[in-house]
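Trainee: Below is a structure I'd like to ask you about.
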Amino acid sequence: MKRLGLVLTVGLLVGLSACAKSVWAPDDAVARAAYASDKAPSITLVTVINNGSGSGGHSGLIINASQRVAYDPAGNFQAEGMAERNDVVYGMTPPMLKAYYSFHARKEWHVITQTVNVSPEVAETALHMAQENGAAAGGFCSNAVSGLLRKIPGFESVPHSLYPKQTMKNFAKLPGVVTDKLYEDD
């Protein structure tokens, strides 16, 4: 019986992964959107939490490397001036970053950010891994984020998780994490 459950679970995961929506902005759009921040190289876990139930609703990453991008697996953030390639959102200028957070924070949800400063090399590794990761299927944001984090030097201790809130709790155990919360009422 356990074997049947495993086969069904694997089949479901394979089937859902086939539902990943591939978005591929042209080179000129990505080049126009590119933004390099003057902030320290960092990786920020973004977790969206339901204000009523306290459950996690979404996971994403802000990677500040040679350019600042959002890795928004299975996300649906859209804004003028951005470009997306398979869940990597280019053009994360300060106003765009604010729009990204505000898109997720509203009356029913708040956003928790957890930032870890990293070396330029680690930030660049994270950026390249996100770019190579491919699009995530709907509902698999935390799976994609935690899977990516485990491959980044210094983040290997973050266990793989399907649940945004669990990924957030695991990320909080990393040294040097700075946590902020954003509430909005619109």
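Trainee: Specify which of the listed residues (G138, G176) is at pLDDT below 95 and surrounded by fewer than 17 Cβ atoms within 10 Å (Cβ to Cβ).
Mentor: Only one candidate qualifies: G138.
Trainee: Scanning for something within 15 Å of V48 (Cα to Cα) and assigned to a loop (DSSP other than H, G, I, E, B), does the range 114-129 turn up at least one residue?
Mentor: Within the range 114-129 (the criterion being within 15 Å of V48 (Cα to Cα) and assigned to a loop (DSSP other than H, G, I, E, B)), the answer is no, since none of the residues qualifies.
Trainee: How many residues, within the range 137-172, are without any contact (Cβ under 8 Å) to a residue 24 or more places away in the chain, in a loop (DSSP other than H, G, I, E, B) and not polar (S, T, N, Q)?
Mentor: 7
Trainee: Of everything in the range 58-75, what is of a type outside the set (V, I, T) and under 12 Å from the mean Cα position of the chain (by Cα)? Give them in sequence order.
Mentor: H58, S59, G60, L61, A70, Y71, D72, P73, A74, G75
Trainee: Would you check which residues across the range 51-68 are over 9 Å from L127 (Cα atoms) and surrounded by 15 or more Cβ atoms within 10 Å (Cβ to Cβ) and list them? Let's see the steps before the verdict.
Mentor: Just the residues of the range 51-68 that are over 9 Å from L127 (Cα atoms), to begin with: 51-62.
If the condition is that a residue be over 9 Å from L127 (Cα atoms) and surrounded by 15 or more Cβ atoms within 10 Å (Cβ to Cβ), then G56, G57, H58, S59, G60, L61, I62 are the ones that fit.
The values are calculated or read from the model by the stated rules, or taken from the named source; none is laboratory data. Nothing here was measured: the structure is a model prediction, and the numbers come from that model. Backbone-built Cβ (ideal geometry, glycine too); neighbour counts: all protein chains shown.
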